[in-house]
Amino acid sequence: MSWWRTPTARRYTFGYTLLAPAVLYVLLLVGAPFLFSLYLALSDASTGAPVAHFVGLDNFRSAVETSVFYTALRNTLLFTVGAGILKGLLGTTLAFLLLQPFHGRKVIRALIVVPFTLPIAVSVLGWKWMFDSQFSVINWALSRLDLIGPYGSASWPVWLGQPGLALLSVMFVNVWRGFPFSAIVLLAGLTSVPPEILDAAKVDGATFLQRFRKVIVPMIAPILFIGSAFDTVFTLSDLSIVYLLTNGGPDGATEILPTLAYNTGIRGGALGRGAAISLFLLPILLPLIFFLLRALRRRQY
Amino acid sequence: MATVTVAARPVQVARTARAKAIRRHVLIYLGLAPFMVIAIFPILWMVITAIKQDADLYLMDAVPFWFRQAPTWKNFDFLFHHTSYGDWIVNTVAISFWVSAITLLVAVPAGYALARLRLPFSENLGIGIFMTYLVPGIILFIPLARVVSLLDLQDSWWSLVVVYPTLTIPFCTWLLMGFFKTVPFEIEEAAMVDGCGQLGALLRVVLPVSWPGVITAIIFSFTLSMQDFLYALAFVSVSDQKPVPLGVATELIRGDIYFWGSLMAGALLVGVPVAIVYNFFLDKFITGITGAAIK
């Protein structure tokens, strides 16, 4: 009996046939486009011109030469790191609160995760209305609390119209959407910590601080890292918050690499330049993806 | 006298335990209150805006959370009679249907093969397929715009049917792999002894007992495609071809004028059901993406 007719060979053929559509789909629509974006970035491709020429690193060079690129890069880093830290802190606090047994826990948990489960474009529109330059409900509340002046006074902040405030506002919306995710990821990890370990430490006479440093922190740190890594990938690739709230304004103050890539590549039609700009995200993304890859490979088979 | 103290003690213990429990609850609720307000207030405000009359909405000297004019459904009415909202809903449903169909057709066999057939390299292949979920759209959308125009699908919602499976196939393959692993091998072997081939065993025995996994995969095909904004924005610019989130975000604005009431109505009408469904399956999503690393 030849090898390819053995049961093992037939199982392999069957198995790889079943896998083929999935592998082909991701190769054709993720793998190939990724390589294509490297090619585009090195060409002068545009939506109007049918033929693209190889231009070497010109797109990267001309991107780097504009000042808006630096603002976008700085904002992207500031946004990702700043919002990431806040989400980690808020998420950890919330996770420890939700870990306690109390009445109505399920309902409260379900309500608190709504910012994450609501489609992002939907909730950002809500925030755009709350940040409205004239009818902001936030300003109304602040003015009733006497923190700012009455309606129409110059002390009313224009959330999306003042450069510094606008950047803080878009970051805040990202934090609002992301903190439930951090909390739920941590909660999933914390509930997998056997309570006996904590009890044993308690019996051994460890104080709360000792238990926190020696038992809880080493256990939650890896989970927190994994949650943050996923969240950072989501944050870096999201343009809807900035696009819908400010579209990079006022005067480029909230421009981030995703919006710059979109406005250059799709709106402006300079596909090559746009692809080059989005590839600047790669050095930030690759370490994260490798980290997650390593975490996934530790899975027990 | 002695008997009195003995009798009183358990009551007192119970009372202090109760007081302690109450105090604990109060502390926890106090801690959770700011999170609750921050999480829920924007949605509440969207709801109020959606059912307010315009004149009432722009009265800034009164408390904005009360109604001085009767609540109204006219914002919803406006959506269906003066915008393409009906088309957007039809598009969204059609996109979800086709994306789910493609995802199941591709991810079920792949997940089964990875979980069951002891193939060489199956672990790496599984991780490889899942990792493509992490390649962000922001790097892919420009080259995909070219692919979409090569397929002559620009400005049609079919472009999204082609693209969304790149989000759903990796995730659902991974999810289904986990499900198939929990089906006992014996069931399958028994079926094969009874004369089913490997494919017969999958279709007639393994799939029927894995239906919760299949349903979960359908739900995620729907919720993950609903979370997208970038691809829709980049590939679809014709009004009647848009899915709901894009349509609401781009079509309910005339120049500088935002139709806030209708905007909120249109956003919530689709957003709330999605959020509710997603809420029920959120734990599965979290274990799906992180479980591998945490367990």
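Bins of 10 Å, beginning at zero and ending with the bin holding the largest distance: percent of Cα pairs per bin for region A:149-269, please.
It works out to 12, 27, 22, 18, 14, 7, 1, in whole percents.
In Å², and per residue, what accessible area does region A:56-297 have when probed at 1.4 Å with the other protein chains present? Kindly include the intermediate steps, with their values, before the conclusion.
Values: 10190 Å² over 242 residues.
Per-residue value: 42 Å².
How much solvent-accessible surface does A:Glu65 expose, in Å² to the nearest 10, with a 1.4 Å probe and all protein chains in place?
140
Quick one: compute the contact order of chain A, relative version, from alpha carbon pairs under 8 angstrom and 6+ residues apart, as a percent.
Numbers: 312 pairs, mean separation 83.9, N = 301.
RCO, chain A: 28 percent.
If one takes the accessible area of chain A alone plus chain B alone and subtracts that of the pair, with a 1.4 Å probe, what total in Å², rounded to the nearest 100, results?
9400
Magnitude of the Cβ-charge dipole of chain B, K/R +1 and D/E -1, about the Cα centre, nearest 20 debye?
Computed about the Cα centre, the dipole is about 1580 debye.
Which length gain, in nm to one decimal place, applies between A:Arg297 and A:Leu147 when the Cα-Cα distance is subtracted from 0.36 nm times their residue separation?
Working: separation 150, 0.36 × 150 = 54.00 nm, distance 5.22 nm.
Stretched fully, the A:Arg297-A:Leu147 segment lengthens by 48.8 nm.
What residue among B:Phe285, B:Gly111, B:Leu199 has its Cα farthest toward the positive end of the dipole of chain B, where the charges are +1 on Lys, Arg and -1 on Asp, Glu, each on the Cβ?
B:Phe285
Counting alpha carbon pairs within less than 8 Å and at least 6 residues apart, what relative contact order, in whole percent, applies to chain B? Please report the intermediate quantities before stating the final value.
Numbers: 267 pairs, mean separation 78.7, N = 295.
Computed value for chain B: 27 percent relative contact order.
For B:Gln12 and B:Asp152, calculate 0.36 nm times their separation in residues minus their Cα-Cα distance, and state this gained length in nm to one decimal.
Working: separation 140, 0.36 × 140 = 50.40 nm, distance 7.88 nm.
Contour length minus Cα-Cα distance gives 42.5 nm.
Kindly state, to the nearest 0.05, the FRET efficiency for A:Leu27 paired with B:Ala19, given R0 = 56 Å and r defined as their beta-carbon distance. Write down the numbers at each step before the final one.
Values: r = 64 Å, r/R0 = 1.15.
The calculated FRET efficiency here is 0.30.
So what is the diffusion coefficient of region A:1-133 in µm² per second by Stokes-Einstein at 10 °C and 1.306 mPa s, using a Kirkwood Rh over Cα pairs?
Rounded to a whole number, D works out at 73 µm²/s.
Amide H to amide H under 5 Å from A:Ser43: which residues, 5+ apart in sequence or cross-chain, H placed 1.01 Å off N in plane?
A:Val55
If I model a spin label at A:Arg10 and B:Lys181 as a point 7 Å from the Cα along the Cα→Cβ vector, what separation in nanometres do I get?
My value for the distance between the label points is 2.8 nm.
Quick check: with the 1.4 Å probe, what order do A:Thr8, A:Thr246 take by accessible area, largest first?
Details: A:Thr8 60, A:Thr246 25 Å².
Reading off the accessible areas and sorting them downward yields A:Thr8, A:Thr246.
Return the tail of the calculated pair distribution for region B:1-160, meaning the percent of Cα-Cα pairs more than 21 Å apart. Present the calculation step by step, with values, prior to reporting the outcome.
On the way: 9791 of 12720 pairs.
Within region B:1-160, distances greater than 21 Å cover 77 percent of Cα pairs.
For the protein assembly as shown, give the percent of accessible area contributed by carbon and sulfur heavy atoms, probe 1.4 Å, rounded to a whole number. List each step's numbers first, then the result.
Details: 18730 of 27340 Å².
Roughly 69 percent, rounded to a whole number.
Under Stokes-Einstein, with the Kirkwood radius over Cα pairs standing in for Rh, what whole-number D in µm²/s applies to the protein assembly as shown at 37 °C and 0.692 mPa s? List each step's numbers first, then the result.
Working: Rh = 26.4 Å.
Once the numbers are plugged in, D ends up at 124 µm²/s.
With Cβ to Cβ distances under 13 Å as the rule, what net charge do the other residues near B:Val205 carry (K, R +1; D, E -1)?
Working: positive: B:Arg116, B:Arg204; negative: B:Glu186, B:Glu188, B:Glu189, B:Asp194.
Here the count lands on -2.
Rg to Rh ratio, region A:56-297, alpha-carbon atoms and Kirkwood radius? If you can, show how the numbers build up before the last one.
On the way: Rg = 21.3 Å, Rh = 20.3 Å.
With Rh from the inverse mean 1/r over Cα pairs, Rg/Rh is 1.05.
Please give the charge dipole size of region A:56-297, origin at the Cα centre, charges +1 on K and R Cβ atoms and -1 on D and E Cβ atoms. Round to the nearest 20 debye.
On the way: 17 positive and 11 negative charges, 109 e Å.
For region A:56-297, the charge dipole is close to 520 debye.
Normalise the Debye intensity by I(0) for region A:84-222, one equal point scatterer per Cα, no solvent, then take log10 at q = 0.10, 0.16, 0.20 Å⁻¹ and round to two decimals.
Taken in order of the listed q values, log10 I(q)/I(0) reads -0.51, -0.93, -1.17.
When 1/r is averaged over all different Cα pairs and the result inverted, which Kirkwood radius in Å belongs to region A:213-252? Before the final figure, lay out the partial values.
Values: mean 1/r = 0.0805 Å⁻¹.
When all Cα pairs of region A:213-252 are included, the Kirkwood radius is 12.4 Å.
On each of the three principal axes of the Cα atoms of region B:182-295, give max minus min coordinate, whole Å, ordered largest first.
The principal-axis extents, from largest down, are 70, 32, 23 Å.
Based on C-alpha coordinates, I'd like the Rg and Dmax of region A:154-224, in Å.
19.7, 61
Short version: what are the Cα gyration tensor semi-axes of region A:229-294, square root of 5 times each eigenvalue, largest first, in whole Å? Display every interim value, and only then the final one.
Values: eigenvalues 108, 45, 13 Å².
Sorted largest first and rounded, they come to 23, 15, 8 Å.
Dipole magnitude of the protein assembly as shown about its Cα centre, charges +1 at Lys/Arg Cβ and -1 at Asp/Glu Cβ only, in debye to the nearest 20? Can you show the working numbers first?
Values: 40 positive and 29 negative charges, 479 e Å.
That gives a dipole near 2300 debye.
Using the eigenvalues of the Cα gyration tensor, what equivalent ellipsoid semi-axes result for region B:84-294 when each is taken as the square root of five times the eigenvalue, whole Å, largest first? Spell out each step's value before the answer.
Working: eigenvalues 268, 64, 48 Å².
Semi-axes, largest first: 37, 18, 15 Å.
Might you tell me the accessible area per residue for chain B, computed with a 1.4 Å probe and given in Å²? It would help to have the intermediate numbers written out before the result.
Working: 13260 Å² over 295 residues.
For chain B, the per-residue accessible area is 45 Å².
Distance from a point 7 Å along Cα→Cβ of B:Val209 to each backbone N in region B:99-124: keep the residues under 18 Å and list them by number.
Within reach of a label on B:Val209, which here means backbone N under 18 Å from a point 7 Å along Cα→Cβ, region B:99-124 contributes B:109, B:111-118.
So, taking all protein chains as they sit and a 1.4 Å probe, how much accessible area belongs to A:Asp146, in Å² rounded to tens?
The accessible area comes out at roughly 130 Å².
Exceeding 31 Å between C-alpha atoms, which entries from my cross-link table qualify? They are B:Lys242/B:Lys284; A:Lys106/B:Lys242; A:Lys106/B:Lys20; B:Lys181/B:Lys242.
Working: B:Lys242/B:Lys284 29 Å; A:Lys106/B:Lys242 36 Å; A:Lys106/B:Lys20 22 Å; B:Lys181/B:Lys242 39 Å.
Going by Cα-Cα distance, A:Lys106/B:Lys242; B:Lys181/B:Lys242 fall outside the 31 Å limit.
Quick one: Karplus J couplings for region B:109-121, per residue in order, coefficients 6.51, -1.76, 1.60, θ = phi - 60°, nearest Hz, x for Gly and Pro?
Residue by residue, region B:109-121 yields x, 5, x, 5, 4, 5, 7, 10, 9, 6, 7, x, 6 Hz.
Could you give the distance between the Cα centres of region B:19-83 and region A:31-91, to the whole Å?
Cα centroid to Cα centroid, the span is 39 Å.
Tell me the Kirkwood radius of region A:1-58: reciprocal of the mean inverse pair distance over distinct alpha-carbon atoms, in Å.
Kirkwood hydrodynamic radius for region A:1-58: 14.7 Å.
Take the eigenvalues of the Cα gyration tensor for region A:137-184, scale each by 5, and report the square roots as semi-axes in whole Å, largest first. Mind dumping the intermediate values first?
On the way: eigenvalues 136, 39, 8 Å².
Gyration-tensor ellipsoid for region A:137-184: 26, 14, 6 Å.
Just read off the accessible area of A:Met219 with the full protein assembly in place, 1.4 Å probe, to the nearest 10 Å².
60
Can you sort B:His81, A:His53 by solvent-accessible area, 1.4 Å probe, largest first? Numbers along the way, then the final one.
Numbers: B:His81 130, A:His53 105 Å².
Heavy-atom accessible area, descending, gives B:His81, A:His53.
Need one number: the % of Cα-Cα pairs in region B:94-194 sitting beyond the 21 Å mark.
Numbers: 2298 of 5050 pairs.
Value for region B:94-194: 46 percent of Cα pairs lie more than 21 Å apart.
The values are calculated or read from the model by the stated rules, or taken from the named source; none is laboratory data. Keep in mind that this is a model prediction, so the values were computed, not measured. Methodologically, a virtual Cβ is constructed for each residue, glycine included, from the backbone with ideal geometry; neighbour enumeration extends over all protein chains shown. Quick note on the areas: whole protein, heavy atoms, side chains included, nothing else; ligands and nucleic acids left out. Shrake-Rupley method; radii C 1.70, N 1.55, O 1.52, S 1.80 Å.
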